[in-house]
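Input: a single structure, listed below in structure tokens.
The values are calculated or read from the model by the stated rules, or taken from the named source; none is laboratory data. Predicted, not measured: the structure shown is a model, and the values here were computed from it. Positions of Cβ are backbone-derived with ideal geometry, glycine not excepted, and every protein chain shown enters the neighbour counts. Heavy atoms of the whole protein, side chains included, go into the accessibility calculation; ligands, DNA and RNA do not. Shrake-Rupley method; radii C 1.70, N 1.55, O 1.52, S 1.80 Å.
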Amino acid sequence: MKIALIGYGKMGKMIEQIALSRGHQIVSIIDIDNQQDFESEAFKSADVAIEFTAPQAAYSNYLKAWAAGVKVVSGSTGWMKEHGDEVRRMCSEEGKTLFWASNFSIGVAIFSAVNKYLAKIMNQFPQYDVEMEETHHVHKLDHPSGTAITLAEGILENIDRKEAWAEDTTDPKLLRIDHIRRGEVAGIHTVRYDSEADIITITHDAHSRQGFALGAVLAAEYTKEHQGLLTISDMFKF
């Protein structure tokens, strides 16, 4: 498979290594200083572009890749609120393809499924209050993390006593998400159900970015054969 990389930071370089190890070809690498390469024949030859950049650049990158006729796999977060409706429309009405995930880790996909199932059970036990915490490296600009938001949405779908998520809240109707930024932490997400009697905690702790990079390449392999707006739940049927 021919892969283009959009963004060549730590994640981009790790994705490159894993893609090559799985027998794929990197035909184009686009970073801040060579944006004109979106129009190159090398980029247009890609089956899929894997995009990991800043939230403010992601949507523009999707448009440029789609204009070149290239499908996109993206792990960039922070753009959904402003551009989500338009992206959904373009994928459903204009034949564009985007595989988007806040986290491509296989472990996080499993954790997310467990999180939803646990929330469904805990809906029957109002004596437990639920809250979340996410920890990432100091370079991460957005908060809460996209993964935390996705996990929160999984809880809100299944627990009637919570209306929405929020940071720094004491409102019992809101799901509180705390964020911590320290060192080079790859990502830790914790969900706690606390009562007077006991506490139930589930945690996913990433050892490195390797799991995210492998998941992104697996998503590219899946995206090559599919179209529309795709997610982890399309690739993994839990």
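Some notes on this structure:
- MRE, 222 nm, helices only [DSSP H, n ≥ 4, -39500 (n - 2.57), over the chain, to nearest 500]: -11500 deg cm²/dmol
- Where 24, 189 fall by accessible area, highest first, once all protein chains stay in place (1.4 Å): 24, 189
- The order of 207, 226, 139, 83 by accessible area, most exposed first and with a 1.4 Å probe, is 207, 139, 226, 83.
- Contact order normalised by residue count of the stretch 103-195, Cα under 8 Å, 6+ apart, percent: 40
- Other residues lying with their Cβ under 12 Å from the Cβ of residue 17 contribute a combined charge of +3, Lys and Arg counting +1, Asp and Glu -1.
- For residue 234, net neighbour charge (Lys/Arg +1, Asp/Glu -1) across residues whose Cβ lies under 15 Å away: +2
- Kirkwood-based Rg to Rh ratio, the chain, C-alpha trace: 1.00
- Counting only Cβ charges, +1 for Lys and Arg and -1 for Asp and Glu, the dipole size of the stretch 95-161 around its Cα centre is about 280 debye.
- For residue 95, neighbours were defined as the other residues whose beta-carbon sits under 14 Å from its Cβ, and their charges (Lys and Arg +1, Asp and Glu -1) total +2.
- One Cα centroid belongs to the stretch 96-156, the other to the stretch 16-64; the line between them spans 27 Å.
- For the chain, with +1 on Lys and Arg beta carbons and -1 on Asp and Glu, the positive-most of 38, 164, 27 along the dipole: 27
- Tilt relative to the chain, helix 55-67 - C-alpha long axis, 0 to 90 degrees, to 10: 40
- Over the stretch 68-183, accessible surface divided per residue gives 49 Å², non-protein components excluded, 1.4 Å probe.
- Rh by Kirkwood over Cα pairs, then Stokes-Einstein D for the stretch 75-186 at 1.567 mPa s and 4 °C, µm²/s: 83
- Shape category assigned to the stretch 1-116 from the gyration tensor of Cα positions, a/c cut at 1.5: oblate
- Using Cβ point charges alone (K and R +1, D and E -1), the dipole size of the chain about the Cα centre works out to roughly 600 debye.
- Solvent-accessible area of the stretch 18-116 (1.4 angstrom probe, protein heavy atoms only): carbon and sulfur portion equals 51 percent.
- Relative contact order (%) - the chain, alpha-carbon pairs under 8 angstrom, separation at least six: 22
- Each 5 Å bin from zero up to the one holding the largest Cα-Cα distance in the stretch 61-110 carries the following percent of pairs: 4, 19, 28, 25, 13, 8, 2.
- For the stretch 138-150, the Karplus equation 6.51 cos²θ - 1.76 cosθ + 1.60, evaluated at θ = phi - 60°, returns couplings of 5, 7, 6, 8, 8, 7, x, 5, x, 5, 4, 5, 4 Hz by residue, with Gly and Pro reported as x.
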